[in-house]
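Peer 1: Just passing along the structure, written as structure tokens.
The values are calculated or read from the model by the stated rules, or taken from the named source; none is laboratory data. Treat the numbers as computed from the prediction; the structure is a model and nothing was measured. Every residue, glycine as well, gets a Cβ built from its backbone with ideal geometry; the counts of neighbours run over all protein chains shown. Note: areas computed on protein heavy atoms with side chains; ligands, DNA, RNA excluded. Shrake-Rupley method; radii C 1.70, N 1.55, O 1.52, S 1.80 Å.
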Amino acid sequence: MTKEQFKSKVLILQNKLFRYAVSIVADRDLARDIVQEVLMKLWDTREQLKGIKNLESWSIRITRNKALDKLRLSANKTVELKQADNQLGFYAAPDKIAEQNNLIDAVQTLLKGLPEKQREIFRLRDLMGYSNYEIEEMMELDATQVKVNLFRARKKIRSGLNQLINYGLEN
């Protein structure tokens, strides 16, 4: 592997770790610090890394652990979905923006109500785009646990959104 290829791989990994850390700690500066710590750990343990099959999964797991440690220490909240780019654009009607913000608030509230394992699996799968197999490696779970927790998380979010959209009325 050339030096340029290595730099490219590290940059891609760094971007993924950063997005994941931001999704957990909701603070870009704190997420940068977390990623920096993870990359330093990778560098410090580079000799032992030869035995690791999937460096990305291992790095995600370390990022998750460091982010959760930081949250426990600073009592931060999970990422606010409002920090994401506004999908309606600058010239959207105020009522559409308000509607989108209400929906984002509802999803955020529903996510906070999920058990931690379901929330993490949902975040990794549906917000970060990792495969079930990658999540199994990152969270050290078996395939059934990942599928069941993802199913339950999606079901709770879907149910909560249906209740909100239908004003609590049954279909």
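Peer 1: If we keep just the residues of the stretch 18-58 that are of a type in the set (Lys, Arg) and modelled with pLDDT under 85, which is least open to solvent (accessible area, probe 1.4 Å)?
Peer 2: Looking at residues that are of a type in the set (Lys, Arg) and modelled with pLDDT under 85, I get Arg46.
Peer 1: Additional query: Name the pairs: first residue in the stretch 136-159 and within 21 Å of Ser59 (Cβ to Cβ), second residue of a type outside the set (Ser, Thr, Tyr) and surrounded by fewer than 17 Cβ atoms within 10 Å (Cβ to Cβ), Cβ to Cβ under 7 Å, at least 6 apart or on different chains?
Peer 2: Going by the 7 Å Cβ cut-off, the qualifying pairs are Glu136/Asp142; Glu136/Ala143; Glu137/Asn54; Met138/Arg61; Val146/Asn132.
Peer 1: Right, Thr63: under 15 Å from Glu137 (Cβ atoms) and either open to solvent by less than 10 Å² (accessible area, probe 1.4 Å) or hydroxyl-bearing (Ser, Thr, Tyr) (or both) or not?
Peer 2: yes
Peer 1: Checking the condition surrounded by fewer than 12 Cβ atoms within 10 Å (Cβ to Cβ) and over 13 Å from the mean Cα position of the chain (by Cα), which residue from Glu136, Glu99, Glu140, Glu116 passes?
Peer 2: Glu140
Peer 1: Somewhere in the stretch 24-45, is a residue within 19 Å of Ile135 (Cβ to Cβ) and either in contact (Cβ under 8 Å) with a residue 40 or more places away in the chain or charged (D, E, K, R) (or both)?
Peer 2: yes
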